[in-house]
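Peer 1: What follows is a structure written as structure tokens; I'll ask about it next.
None of the figures in this text is laboratory data; all of them are computed from the coordinates on show. It should be emphasised that the depicted structure is a prediction, and the values quoted were computed from it without experimental measurement. Here the Cβ positions follow ideal geometry from the backbone for every residue, glycine too, while neighbour counts run over all protein chains shown.
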Amino acid sequence: MSENNALPPKTCSVDRLVTVERDVKKVLAGEKTATRRNGRYADVGEIMELDGKKFVVENVYSQQLGDMTEENAHQEGFANLEEYKESILSIHPGMRWVPKMKVWVHEFKSL
């Protein structure tokens, strides 16, 4: 699924992929290596820059929230899946955790 031509058009740009200050700090510290968004923000190989440090997007794929694992929560920079859920719901007031909801996963690493 990582082939760009198999993916729908981007809905936003890579510079908007990680914008919450708490998440930026986690990425810079190496604690966050993936982020989930409602839309597709990057292509594989695109470069994201945070505070002068560069990160390359290694994988982009769709996932249902109900298919998230504890490991996925760790990649997101959280101790466990429940902590991730609580954080997401606090950022998006009124949002419910819907297991069938599809999100776009963007995995990245430091350059």
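Peer 1: Does the range 5-24 contain at least one residue that is among the basic types (Lys, Arg), surrounded by 16 or more Cβ atoms within 10 Å (Cβ to Cβ), part of a helix (DSSP H, G or I) and touching a residue at least 24 places away in the same chain (Cβ under 8 Å)?
Peer 2: Among the residues of the range 5-24, not one is among the basic types (Lys, Arg), surrounded by 16 or more Cβ atoms within 10 Å (Cβ to Cβ), part of a helix (DSSP H, G or I) and touching a residue at least 24 places away in the same chain (Cβ under 8 Å), which makes the answer no.
Peer 1: Mind listing whichever residues of the range 66-90 are within 14 Å of the chain's Cα centre (by Cα) and under 18 Å from GLU21 (Cβ atoms)?
Peer 2: Within the range 66-90, GLU76, GLY77, PHE78, TYR84, SER87, ILE88 meet the criteria.
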